[in-house]
1. Give the angle, between 0 and 90 degrees and rounded to the nearest 10, that separates the Cα long axis of helix 2-27 from the longest principal axis of the Cα atoms of the chain.
2. Starting from 0.36 nm per residue, how many nanometres of slack lie between Asp118 and Asn72 once their C-alpha separation is accounted for?
3. Students often forget the sequence filter, so: which lysines lie under 16 Å Cα-Cα from Lys193 once same-chain residues fewer than 8 apart are removed?
4. Cα-Cα over 29 Å: which of Lys59/Lys120; Lys32/Lys155; Lys155/Lys197?
5. Mind grabbing the accessible area of Arg172 for me, 1.4 Å probe, Å², rounded to tens?
6. Please work out the FRET efficiency for the pair Gln42 and Glu191, using the Cβ-Cβ distance as r and a Förster radius of 22 Å; give the result to the nearest 0.05.
7. In cubic angstrom, how much convex hull volume per residue do the alpha carbon atoms of the stretch 23-151 span?
8. Helix 95-110 sits at what angle to the longest principal axis of the chain, using alpha carbons and giving 0 to 90 degrees rounded to 10?
Amino acid sequence: MKLLMTAVLAAIVTSCTPMQNAKTEASNTVNKTWELISLDGQQVNATLPVYISLDGTNKVSGKTGCNTLMGNYSITNGTQIRFSQLASSRMMCAPADMNIEKDVLEVLNTADNFTLSDGKLMLNVGRRAQLAVFAEMSTNPVLNKYWKLTVLDGKPVTMEAAQEREAHFILRSDGSISGFGGCNGFSGSYELKDSSKISFNENMAVTMRACTELKMDERAYLNVFHNADSYTLNGDTLHLKKGNSALAVFEAIYF
């Protein structure tokens, strides 16, 4: 009899565990903002952070690369998810960002389940590989902002007519940095430390365009990330520094 009761209790515990895990995953997913890291296994380098926010009233909102997103979602059986009544604004942006936006909307219309692992949210369809991977978006005011370069080596910086866009950078929640130096795009990684300390990886990837018509010293700008070891933040103004010396000043731009 004791053996029978033990077996019954074990069966109950075993059957409840997956349900409990599913409920935990659902609760760990809502009331959070998730930043897009990759699409179909490829890292995303959008001009601005791409993210979705899932609130506790089954509303989804966010940015899809260019436009603002809004709609509904539902979670059933713990890990099954559906997005519906999705709508977005109608701004036109750079072609690369518009392509990312198209892919994001397709993911949201296709996904039917999700998984959580190591603080990351994966949207899937059926048993296929992940459609998209998101990381929980940090609330650190330095991260996930478009930082426009305004001062370099103590001299004001203005955008030249020949530049396709202004010099800037973005620090993302997953520890990656992307930006534009005036002629070339660049990407890499960074690490935030205590007391406003920061370090950037030495081997940033930089495109190899030659822009002889530009007066801006792009190399001097990229060297800021090689030399910076700290930062100060005052509202929407960011200083990257080495010791007590300011190497460059940036302004947060909101779109």
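The values are calculated or read from the model by the stated rules, or taken from the named source; none is laboratory data. All of these numbers come straight from a predicted model, not from anything done at the bench. All Cβ positions, even for glycine, are placed from backbone atoms using ideal geometry, and neighbour counts span all protein chains on display. Surface accessibility is based on the protein's heavy atoms, side chains included, excluding ligands, DNA and RNA. Shrake-Rupley method; radii C 1.70, N 1.55, O 1.52, S 1.80 Å.
1. 30 degrees
2. 14.0 nm
3. Excluding near neighbours in sequence, the set is Lys241, Lys242.
4. Values: Lys59/Lys120 20 Å; Lys32/Lys155 40 Å; Lys155/Lys197 24 Å.
The pairs that break the limit, which is 29 Å between Cα atoms, are Lys32/Lys155.
5. In the full protein context, Arg172 sits at about 10 Å².
6. Working: r = 23 Å, r/R0 = 1.07.
Plugging the Cβ-Cβ distance into 1/(1 + (r/R0)^6) gives 0.40.
7. Numbers: hull volume 15.4 nm³, N = 129.
Convex hull volume per residue, Cα atoms: 120 Å³.
8. 10 degrees
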